[in-house]
Amino acid sequence: MGEKLEQQLKEVGSKLETPPSTKDGLVKLLKQAATCLSELNQSPPASILEAMQPFLNAIVQPVLLKHQDKDVKLLVATCICEITRITAPEAPYSDDVLKDIFQLIVGTFSGLKDTGGPSFGRRVVILETLAKYRSCVVMLDLECDELVNEMYSTFFAVASDDHPESVLSSMQTIMIVLLEESEDIQEDLLVILLSALGRNKNDTARRLAMNVIEQCAGKLEAGIKQFLVSSMSGDSRPGHSHIDYHEVIYDVYRCSPQILSGVVPYLTGELLTDQLDTRLKAVGLVGDLFAVPGSANNEQFHSVFSEFLKRLTDRIVAVRMSVLEHVKSCLLTDPSRADAPQILTALCDRLLDFDENVRKQVVAVICDVACHALNSIPVETVKLVAERLRDKSVLVKRYTMERLADIFRGCCLRNFNGSINQNEFEWIPGKILRCLYDKDFGSDTIESVLCGSLFPTGFSVKDRVRHWVRIFSGFDRIEMKALEKILEQKQRLQQEMQRYLSLRQMHQDGDAPEIQKKILFCFRVMSRSFAEPAKAEENFLILDQLKDANVWKILMNLLDSNTSFDQAFTGRDDLLKILGAKHRLYDFLSTLSMKCSYLLFNKEHVKEILLEVAAQKSSANAQFMQSCMDILGILARFSPLLLGGTEEELVNLLKEENEIIKEGILHVLAKAGGTIREQLAATSSSVDLLLERLCLEGSRRQAKYAVHALAAITKDDGLKSLSVLYKRLVDMLEEKTHLPAVLQSLGCIAQTAMPVFETRESEIEEFIKSKILRCSNKIRNDTKACWDDRSELCLLKIYGIKTLVKSYLPVKDAHIRPGIDDLLGILKSMLSYGEMSEDIESSSVDKAHLRLASAKAVLRLSRQWDHKIPVDVFHLTLRTPEISFPQAKKLFLSKVHQYVKDRLLDAKYACAFLFGITESKSPEFEEEKQNLADIIQMHHQMKARQISVQSDANSFATYPEYIIPYLVHTFAHHSCPDIDECKDVKAFELVYWYEFRCLECTFMSYYTLISC
């Protein structure tokens, strides 16, 4: 075999001394030679080398080295490459010849771009041979600098994802070897290497350059630093302008960040420069750098990052917005990065930025990160974001609401795998509900979020109920009131819509003008449920002209309480598809269909809530049981039809011994009993007896609901059943058993069935006055009396007062009730002495409680009997905050504030806030000032609305100035010495001081309002 190979080499060498004249002949000969050479190992025997000699000489003839045909050139390069492999490490040719050889070899690399060409394999072999045997180092010895540059440029130009990994690896090896063996890195070569960097460049070439830099960081550091410093200082050469040095910094940071240590001061300088374009670019670069994974651990760049965060306070909005966008990328890349707390702190500071777009973007950043990784954002940070619901910008407020709903929806999804504490974000729906009181939000927006955005699409009714139960457990009074208001508006619209559909059918059967008038009135009523009533009324008129029967069929189905959640969801979707997004009624019907539907709560919700009650009872979770009852109570009040079909479950729960469940079901029956009356009677005949027993022996709250439930579930408004109950209750008074419940039941009967109450009213009044109110209680030493130390007799007196008060607040015709003056006389005595008369003995605690109860009774009576309340009783009521126990003051003023805000009480009672003020710097002073400001603001709004509609009604009471005369009048009757008898000026000092403090509080409240 060896002899045959030697012979072949000799023959090929001999023939090649005089190359064939034809291309085909030459190509054939060169292929034969390449095949022979490929079979030889490195450093073969001397005989082989001798046989090769003719070929070695012939192959480097100028006619072959500089042949014009590409195929010939490739074969020549292949043969020479094999020769260098075989003879390595010895150079087989002189320096001049070697230069020509490397020129030829480098020239073949441009063909590597064509990965599918027939010659690609030969070029790869040349490349891999050059890399494996490090032949390229000879180029450095020959000082072929331009050729090396050309080869680098060729590699970066042809590198592609289509190349096998071995090709890219060989390119990388060659470039690294040349850099490592170079004594000095030529600037031109460095520029070629850096030119491949940048996110807008060939990704494969860019990755190749970064790998080379990473492997040769030590060799390249000085050159790269010099290049970057000169570029950043503006001293770069003209030929380097095509290189974006920011992109170079980014890629070098990713592959070898230690190289950039000397660039940090210059980068910081760009962040601080007055040139906006440069500052913006620097912000973009640094933001990108810190979005690189692991960048938070790079200590040498901490100063740059700190300055980068400070750009959140830059005077230019565009800079601040750019920082925010890059901060988001940082947190999304690594939410748990070490510097995340520092970033979040800086973000929270910008929630109060003066530019609304910046505030909106801060909300976007925090919420995007929270949705991406909920555990990475502290709950307190999300609560700070929620404060933007009160932002002065409508844009920010609405966007914040959308994003909070996104966070809650994400929380719902993550709860399935237990990765999130489900209670952490249950407060979000409450915050959204509070927006109902903001003029920039309407019930449309709130309901849309609650129905469509709060829970994930496809979330089952069971899962929704499970979350609602937890949400309700965290609701405060304001949030509960907001939901009630939404459901109340919804109920009113549903009722009017059903009435309209009936009238529309009648109108189609006959064109009666009266029916048309009624339809227009329905439109006017329903339009009040929309954010823009005038526009809504116009849309109702257009809707009335629609002829598509499917539209009306869907609307009727949505109004049907028996429609399932999925049917309502699908029906609403079909309705909007019928119209199309470009229809002028599309948005209007989107809102109307939502308001008409039972998507928020339906019968499926009620059934699941009842199942949840059983589940929570088993786990003895009182909080969630109460939450279930609260939901059922609200639905019974505003959507009683949803309770249909649950009668059996309700009766069974009523029989439960659990007090929370029993009380809750009583409340449900009191509100929805009239609606489910027939089904309830068919389900159980013992409901009346259960309710009567609770009226007699239950707690006061149970007795209250039981009376109303009895009235609701009987056809004659409970007159018959309540008459029987009433007789038993009055008879029980003398027995003095279960007096708290008995008194409560009697008061509720007075409210709901006055004809029944009046039959034995005198007996009840006499019993309360003689057997309860006139009773004395042995006084014990109460120098250290506690507010909670009231006696049982005191409680009975309070209950007696409440019963008497309720008797003058019947549901119907309260104004025709006689005898109110007698009750007001009792209350006057209670307010003056703390008892019905001055000679009745009791403790200071009991007297304080009775004064408070009497004052609250006056507040309740004022709703119907304000014109009958004497001035002295009014003044005594206002002075309730002077009670020596601070709890009494707090309870009374909170009740006044609540009633006035709910428009259940005349604003003149707000004068009570001015009593008991002892120090203008005290927390109580600030709280009372704020309460006054709330009331004044409410009346300013009422005044504005009255003026806007040009009302002619006599409603001066809606003006905030209305309070002032009562304030002055109250001062005049407040412990003022007799002018004729008292000549000492100092006797008036306390009065003047007190009046000054009161006026100060009033005007500071006005000032607070104006400042807001």
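Assorted remarks:
- Being assigned to a helix (DSSP H, G or I) and buried (at least 20 other Cβ atoms within 10 Å of the Cβ) holds for only one residue in 359, 398, and it is 359.
- Yes/no for residue 500 being within 23 Å of residue 637 (Cβ to Cβ) and either of a type outside the set (S, T, N, Q) or without any contact (Cβ under 8 Å) to a residue 60 or more places away in the chain (or both): no
- Residue in the stretch 692-699 that is surrounded by 19 or more Cβ atoms within 10 Å (Cβ to Cβ), under 38 Å from the mean Cα position of the chain (by Cα) and free of Cβ contacts under 8 Å to residues at least 60 places away in the same chain present: no
- From the options 301, 308, residue that is assigned to a helix (DSSP H, G or I) and either β-branched (Val, Ile, Thr) or free of Cβ contacts under 8 Å to residues at least 40 places away in the same chain (or both): 308
- Residues located in the stretch 255-285, provided they are over 24 Å from residue 216 (Cα atoms) and β-branched (Val, Ile, Thr): 268, 273, 278, 283
- Number of residues in the stretch 632-680 that are of a type in the set (Val, Ile, Thr), assigned to a helix (DSSP H, G or I) and touching a Leu at 6+ places or on another chain (Cβ under 6 Å): the value is 3.
- The sole residue among 289, 208, 190, 197 that is surrounded by 15 or more Cβ atoms within 10 Å (Cβ to Cβ), within 41 Å of the chain's Cα centre (by Cα), within 30 Å of residue 154 (Cβ to Cβ) and among the hydrophobic types (A, V, I, L, M, F, W, C) is 197.
- Residue count for the stretch 118-143, restricted to those that are in a loop (DSSP other than H, G, I, E, B) and among the aromatic types (Phe, Trp, Tyr): 1
- Screening residue 84 on (1) in a loop (DSSP other than H, G, I, E, B); (2) buried (at least 17 other Cβ atoms within 10 Å of the Cβ); (3) of a type in the set (Ser, Thr, Tyr) shows it passes everything except condition (1).
- Pairs meeting the criteria (first residue in the stretch 86-104 and without any contact (Cβ under 8 Å) to a residue 60 or more places away in the chain, second residue of a type in the set (Gly, Ala, Ser), beta carbons under 6 Å, at least 6 apart or on different chains) are 104/77.
- Unique match (being under 24 Å from residue 616 (Cβ atoms), modelled with pLDDT of 90 or more, within 14 Å of the chain's Cα centre (by Cα) and not β-branched (Val, Ile, Thr)) among 433, 389, 384: 433
- Take the conditions (1) closer than 28 Å to residue 906 by Cα; (2) in contact with a helix residue (DSSP H, G or I) (Cβ under 8 Å, 6 or more places away or on another chain); (3) charged (D, E, K, R); residue 866 misses just one of them, which is (2).
- Within the stretch 525-577, being of a type in the set (A, V, I, L, M), surrounded by 15 or more Cβ atoms within 10 Å (Cβ to Cβ) and more than 16 Å from residue 501 (Cα to Cα) holds for 536, 568, 575, 576.
- Looking only at residues in the stretch 42-72 that are among the polar types (S, T, N, Q) and within 25 Å of residue 119 (Cβ to Cβ), the one that is modelled with the lowest pLDDT is 42.
- Qualifying residue in the stretch 829-841 (condition: under 25 Å from residue 891 (Cα atoms), charged (D, E, K, R) and buried (at least 17 other Cβ atoms within 10 Å of the Cβ)): yes
- Complete set of residues in the stretch 549-606 that are in a helix (DSSP H, G or I) and hydroxyl-bearing (Ser, Thr, Tyr): 570, 586, 590, 591, 593
- On the stretch given as the stretch 144-164, residues that are assigned to a helix (DSSP H, G or I), of a type in the set (Ser, Thr, Tyr) and touching a residue at least 40 places away in the same chain (Cβ under 8 Å) total 2.
- Considering (1) under 21 Å from residue 515 (Cα atoms); (2) in a helix (DSSP H, G or I), the lone condition that residue 546 does not fulfil carries the number (2).
- Selection of the stretch 171-203 for residues being within 16 Å of residue 214 (Cβ to Cβ) and in a loop (DSSP other than H, G, I, E, B) yields 185, 196, 197.
- Test: residue in the stretch 515-528 that is closer than 14 Å to residue 593 by Cα and aliphatic (A, V, I, L, M): yes
Residue-wise test of (1) part of a helix (DSSP H, G or I); (2) touching a residue at least 12 places away in the same chain (Cβ under 8 Å).
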site: 209; (1), (2): yes, yes
site: 221; (1), (2): yes, yes
site: 265; (1), (2): yes, no
site: 274; (1), (2): no, no
site: 282; (1), (2): yes, yes
site: 288; (1), (2): yes, yes
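Every residue, every condition in (1) surrounded by fewer than 18 Cβ atoms within 10 Å (Cβ to Cβ); (2) not in a helix (DSSP H, G or I), yes or no:
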| site | (1), (2) |
| --- | --- |
| 702 | no, no |
| 720 | yes, no |
| 724 | yes, no |
| 737 | yes, yes |
| 741 | no, no |
| 748 | no, no |
| 762 | yes, no |
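- The single residue among 425, 408, 441 that is touching a residue at least 40 places away in the same chain (Cβ under 8 Å) and part of a helix (DSSP H, G or I) turns out to be 408.
- Of note, residue 496 satisfies the criterion of being at pLDDT 90 or above, assigned to a helix (DSSP H, G or I) and acidic (Asp, Glu).
The values are calculated or read from the model by the stated rules, or taken from the named source; none is laboratory data. Just so we're clear, the structure is a prediction, and the values are computed from it rather than from any experiment. Cβ: placed from backbone, ideal geometry, glycine included. Neighbour counts: every protein chain shown.
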